[in-house]
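Step one of this worksheet: look at the structure below.
The values are calculated or read from the model by the stated rules, or taken from the named source; none is laboratory data. Because the structure is predicted, anything quoted here is derived from the model rather than measured. Ideal geometry is used to build each Cβ from the backbone, glycine not excepted, and the neighbour counts take in all protein chains shown. Remember, those area values only see protein heavy atoms, side chains included, never the ligands or the DNA or RNA. Shrake-Rupley method; radii C 1.70, N 1.55, O 1.52, S 1.80 Å.
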Amino acid sequence: MANPKAWLMDKWNIKSNRDFWLIMLTYSLAGMTILPVKKIIFHAVGITPHTPFWVVVLVYIPLVPPAYQIGLFFFGFIFGQFGFILGQAKKRFRIGTKPKTI
């Protein structure tokens, strides 16, 4: 793959460089924001360094990924990419539906 940016722009049907970089910024900020949010969530439910790993996993799975999605929607709205992020979320969470035919 010679040009990953061009590949992503083609795959996601993005026409402008500006939109591409705003989408990248949206994903980056959502990813960076989830770290302090995770600390807040863990503190709120009482997770400490001494908490067993299986408890941490049981708390992490249902709480942190939805918080990340909310961050994606928030930053997507701020940067004018909400439609793209919503479309990606719909594709990602299409469970139990018929697959697309070619």
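Of note:
- For the range 50-65, a residue qualifies if it is out of contact with any helix residue (DSSP H, G or I) (no Cβ under 7 Å at 6 or more places or on another chain) and either charged (D, E, K, R) or in a helix (DSSP H, G or I) (or both), and the qualifying residues are Phe53, Trp54, Val55, Val56, Val57, Leu58, Tyr60, Ile61, Pro62, Pro65.
- Test: residue in the range 5-14 that is in a helix (DSSP H, G or I), aromatic (Phe, Trp, Tyr), open to solvent by less than 50 Å² (accessible area, probe 1.4 Å) and farther than 20 Å from Phe79 by Cα: no
- Test for Tyr68: is it farther than 21 Å from Pro4 by Cα, under 13 Å from the mean Cα position of the chain (by Cα), in a helix (DSSP H, G or I) and in contact (Cβ under 8 Å) with a residue 24 or more places away in the chain: yes
- One residue from Ile41, Ile47 being in a helix (DSSP H, G or I), open to solvent by less than 70 Å² (accessible area, probe 1.4 Å) and aliphatic (A, V, I, L, M): Ile41
- Scanning the range 29-37 finds one or more residues that are open to solvent by 40 Å² or more (accessible area, probe 1.4 Å), closer than 21 Å to Gly83 by Cβ and out of contact with any Phe, Trp or Tyr (no Cβ under 7 Å at 6 or more places or on another chain).
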